[in-house]
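Structure first, commentary second.
The values are calculated or read from the model by the stated rules, or taken from the named source; none is laboratory data. Note that the structure is a prediction, hence the values are computed from the model and not measured. Positions of Cβ are backbone-derived with ideal geometry, glycine not excepted, and every protein chain shown enters the neighbour counts. Protein only, heavy atoms only, side chains kept; ligands, DNA and RNA dropped before computing areas. Shrake-Rupley method; radii C 1.70, N 1.55, O 1.52, S 1.80 Å.
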Amino acid sequence: MEQLKSRWLFIISCLITMNGFAQENHTIGKGLINGQLTLSTSSMFTEKQSYFYLHGSLEYFVSDKISLAGEGYYYLGNLSNDASIFNYNHSLFFGASKHFTIKNNDFYLGIQPGISISKLDANTNQLLETHVAINPLASIVAGYNFFVNNYFHFFVQTRLIEGETNFDEHKKMGEIRFSAGLGFNLNTTKKNKL
């Protein structure tokens, strides 16, 4: 019990300290550029498959509440015990997000269409051979950024993806992806205090 209390005390202390740093002079708004590089996990809807990706993004705030972002996912493998239905399944997305900011807290929702560059696994799908496929995707993204100071922030993001491939064999590509980590940011305009 004492160990649990000390852990909670430590977490609360860290949050209060981070909140104090964030109050200094950081602007979430027009001219902000932020980028992230992390690992992302996913779960497919129609197959009992879980994958992981190297996830990178670059975002630019065109106004105080709207940003444009480009994001990429590089397929790293299968987390499931079953054999993967894909040899690889890379994807790229581009779109806009609406931000809801309160001081150093940034909640956002966005729509990002994209493409998947994938190749089915011939053995798992019982095919003689498979080919590289480029498939259109639609996605909705939701997330939260906590801006610690002028140079970095913590983030969590979830992405809902819909699409399908009709190359070699018809497969639905719907999945949900989750990312979290540390991001870096740079203000390209004059900073205001929060």
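Below is a table of values for the structure above.
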| quantity | calculated |
| --- | --- |
| FRET efficiency for Phe45 and Lys98, using Cβ-Cβ distance with R0 set to 30 Å, rounded to 0.05 | 0.70 |
| Count, lysine Cα pairs under 23 Å in the stretch 70-194, 8 or more residues apart or across chains | 8 |
| Stretch gain in nm, segment Leu127-Ile176, where the contour uses 0.36 nm per residue and the Cα spacing is subtracted | 15.0 nm |
| Long-range amide H partners of Asp64 with built H, under 5 Å | Lys30 |
| Accessible heavy-atom area order of Phe52, Phe184, highest first, probe of 1.4 Å | Phe184, Phe52 |
| Per-residue HN-Hα couplings for the stretch 53-65 [Karplus 6.51, -1.76, 1.60; θ = phi - 60°; Hz; x = Gly/Pro] | 9, 8, 10, x, 8, 9, 10, 10, 7, 7, 8, 5, 10 |
| The stretch 44-194, relative contact order in percent, only Cα pairs under 8 angstrom and at least six apart counted | 17 |
| Relative compactness, the stretch 86-191, computed as alpha-carbon Rg over 2.2 N^0.38 Å | 1.38 |
| Accessible area of the stretch 29-136 belonging to carbon and sulfur atoms, whole % at 1.4 Å probe | 64 |
| Accessible surface ranking that places the most exposed of Leu58, Leu68, Leu120 first, with a 1.4 angstrom probe | Leu58, Leu68, Leu120 |
| Protection proxy ranking of 127-134, 95-102, 141-148, 156-163 - average other beta-carbon atoms within 10 Å, highest first | 141-148, 156-163, 95-102, 127-134 |
| Val156-Asp82 pseudo-label distance in nm [points 7 Å out on the Cα-to-Cβ vector] | 2.8 |
